[in-house]
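For reference, the structure discussed in these notes is given below.
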């Protein structure tokens, strides 16, 4: 099925009572999702994986439930999202099972971590079934809506993607995507099986993914950027002073810099789906409200020019 977009109906700049529907929808294969989703990585702690303080379990569960109440129906996770005391998949299962029919849970395979949290070698093609089954077990599902192959330095992904295509044919996986790829990886994968999305690091300060973003637009494939708010801080969150241009636009709209960054990313194309992650209820509401923020063409041009400039401060 060809992916398509449905424009948002609400064109208001202010966002009282905002929902993810304000940003419109996109169809991943045969599943329609709202363009503002939720990334589960930060549910496990104050910093990624085994670093930092484990997040309060009750708060993480509440954030997940609130996200769905607000209208989020696209959640991104992975079995390797775990910290000393928390597993993102287990939290999702506990908070949201039995799952709503329209909820799409996307997960990733490829990287491997041992029980102590240390990263080990990337999975071989014959190990991907075990990773898929681990996600199924943790999430309490009999199939996965979407599995993204996280590329870990491979020059050719055909064999790995072929292994996932076999699991798709067997009914364990509904749709396939890619993560952290170059344009040639997309071509290699598409020669094996349909690709419904690509997840790459992308944001105002990370524009090297423009080529893949454009390729996805031409092919009708969803582009799902990660670290759109954190930028170079990656798993640790935003660590640099904000660009004055972002602050100026935020002041003009009575919005937060994070909302401006998300709104700018959403303007890159109707096929762009954002998955901001948080374990904080206030940040969740802030992220969701970004869907109602309408940047002017002049503001988009101003933000476009920021590019790789160093922020002041």
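Brief remarks on what is shown
Each row is one residue, and each column tells you yes or no for (1) touching a helix residue (DSSP H, G or I) at 6+ places or on another chain (Cβ under 6 Å); (2) assigned to a loop (DSSP other than H, G, I, E, B); (3) touching a residue at least 24 places away in the same chain (Cβ under 8 Å).
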residue	(1), (2), (3)
240	no, yes, yes
252	no, no, yes
255	no, yes, yes
259	yes, no, yes
269	yes, yes, yes
282	no, no, no
287	no, no, yes
291	yes, no, yes
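- Considering the conditions (1) crowded, with 20+ Cβ neighbours inside 10 Å; (2) touching a residue at least 40 places away in the same chain (Cβ under 8 Å); (3) within 20 Å of the chain's Cα centre (by Cα), residue 152 is excluded by exactly one of them, (1).
- Flag: residue 249 does not match the condition of being buried (at least 17 other Cβ atoms within 10 Å of the Cβ), at pLDDT 95 or above and within 28 Å of residue 61 (Cα to Cα).
- Qualifying residue in segment 44-51 (condition: over 15 Å from the mean Cα position of the chain (by Cα), in a helix (DSSP H, G or I) and under 15 Å from residue 288 (Cα atoms)): no
- Residues that are surrounded by 19 or more Cβ atoms within 10 Å (Cβ to Cβ) and in contact with a helix residue (DSSP H, G or I) (Cβ under 8 Å, 6 or more places away or on another chain) were ranked within segment 96-107; the one that is nearest to residue 179 (Cα to Cα) is 107.
- Within segment 127-161, being over 23 Å from residue 100 (Cβ atoms) and touching a helix residue (DSSP H, G or I) at 6+ places or on another chain (Cβ under 7 Å) holds for 128, 129, 149, 151, 154, 156, 157, 158, 159, 160, 161.
- Across segment 41-64, the number of residues qualifying as modelled with pLDDT of 95 or more and either in contact with a strand residue (DSSP E or B) (Cβ under 9 Å, 6 or more places away or on another chain) or more than 20 Å from residue 85 (Cα to Cα) (or both) comes to 2.
- Taken over segment 81-105, the criterion of being assigned to a loop (DSSP other than H, G, I, E, B) and modelled with pLDDT under 95 is satisfied by 81, 83, 84, 85, 86.
- Residues considered: 159, 184. Of these, the only one that is more than 21 Å from residue 273 (Cα to Cα), without any contact (Cβ under 8 Å) to a residue 24 or more places away in the chain and in a helix (DSSP H, G or I) is 184.
- Scanning segment 187-229 for residues that are touching a strand residue (DSSP E or B) at 6+ places or on another chain (Cβ under 8 Å), part of a loop (DSSP other than H, G, I, E, B) and free of Cβ contacts under 8 Å to residues at least 60 places away in the same chain, we see that the one that is farthest from residue 110 (Cα to Cα) is 229.
- Among the residues of segment 108-149, those identified as buried (at least 20 other Cβ atoms within 10 Å of the Cβ) and either part of a loop (DSSP other than H, G, I, E, B) or without any contact (Cβ under 8 Å) to a residue 24 or more places away in the chain (or both) are 110, 123.
- Test: residue 189 is surrounded by fewer than 23 Cβ atoms within 10 Å (Cβ to Cβ), under 29 Å from residue 266 (Cα atoms) and in contact with a helix residue (DSSP H, G or I) (Cβ under 7 Å, 6 or more places away or on another chain): no
The values are calculated or read from the model by the stated rules, or taken from the named source; none is laboratory data. Quick caveat, the model's predicted, so the values are computed rather than measured. Counting neighbours? That spans all protein chains shown, and the Cβs are built from the backbone with ideal geometry, glycine included.
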